[in-house]
Amino acid sequence: MGTSGSDAGRYLRRFLVPAPIVTLLGWLRWRARISMRAEVELSENLRLGERTTISSFTKVKTADGPVRTGRECGFATGCFVAAGPGGIELGDHVICGPNVVLVASNYKYASLDVPFEQQGTSSAGIRIGNNVWIGANCTILDGSVIGDNTIIVANSLVNRRLPPNVIVQGNPAKVVLQRRGEAPVRAGEGP
């Protein structure tokens, strides 16, 4: 009965908790801003960092695994976040442009004579460092690890480990530029 009871609670939270209550609970619990037009599953698997923003038409699915964000993360309009048992973890200051997809599970596919949905799933999870900018329409797949200070160019697909301080682009995403910090220009100095 433990499983069916937890399933019933999950469905009640998912379908019967009005959007204004989700928005209010997000603010009270985490000081997060959740749009009333977003679909966020409230569960013990969800933890939002302070001042995280979830915009309209974004869906956050936590029934199958944890979603954890750091402080001041942002999901623009139309994002889709689905955690598997491996979970999704974001550091501080991660920003996702419109229609970004984070999916932390995969169908198993070893057998050719068994349909995918009957072979089960796997989940290594997704880990994203601090200060990461994910451009519009990017897809981040299960097993991806993204280093700090990384920029992912719009329309890219990430399916691997990426080092810190880089700009990546493509399908699959590849490093196109190494980011180097610039010395600050002081007032009165400069060209």
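The values are calculated or read from the model by the stated rules, or taken from the named source; none is laboratory data. Computed from a predicted model, the values in this text were never measured in an experiment. Every residue, glycine among them, receives a Cβ derived from its backbone with ideal geometry; neighbour counts consider all protein chains shown.
Scan region 129-169 residue by residue and report those that are polar (S, T, N, Q), farther than 16 Å from A104 by Cβ and not in a strand (DSSP E or B). N130, N131, N137, N149, T150, N155, S156, N165 - these are the residues of region 129-169 that are polar (S, T, N, Q), farther than 16 Å from A104 by Cβ and not in a strand (DSSP E or B). Taking residues in region 14-39 that are exposed (fewer than 12 other Cβ atoms within 10 Å of the Cβ), and partners anywhere that are assigned to a loop (DSSP other than H, G, I, E, B), the pairs with Cβ atoms closer than 8 Å and at least 6 places apart or on different chains are P20/M36. Within region 40-60, being hydrophobic (A, V, I, L, M, F, W, C) and either free of Cβ contacts under 8 Å to residues at least 12 places away in the same chain or touching a Leu at 6+ places or on another chain (Cβ under 9 Å) (or both) holds for V40, L42, I54, V60. Applying the criterion of at least 1 residues that are among the small types (G, A, S) to the strands (runs of 3 or more DSSP E) found wholly in region 56-107 leaves 80-82. Remark: pairs (first residue in region 61-74, basic (K, R); second residue modelled with pLDDT of 95 or more and assigned to a loop (DSSP other than H, G, I, E, B); Cβ separation under 6 Å; 6+ apart in sequence or on different chains) = R71/G49; R71/E50; R71/D92.
A count restricted to region 23-40 and to residues that are within 16 Å of G78 (Cβ to Cβ) and under 17 Å from the mean Cα position of the chain (by Cα) stands at 5. If you go through region 88-137, how many residues are free of Cβ contacts under 8 Å to residues at least 24 places away in the same chain and of a type in the set (A, V, I, L, M, F, W, C)? The total comes to 4. The single condition among (1) part of a loop (DSSP other than H, G, I, E, B); (2) crowded, with 17+ Cβ neighbours inside 10 Å that L112 does not satisfy is (2). The set of residues in region 143-155 that are out of contact with any Leu (no Cβ under 7 Å at 6 or more places or on another chain) and crowded, with 21+ Cβ neighbours inside 10 Å comprises S144, I152.
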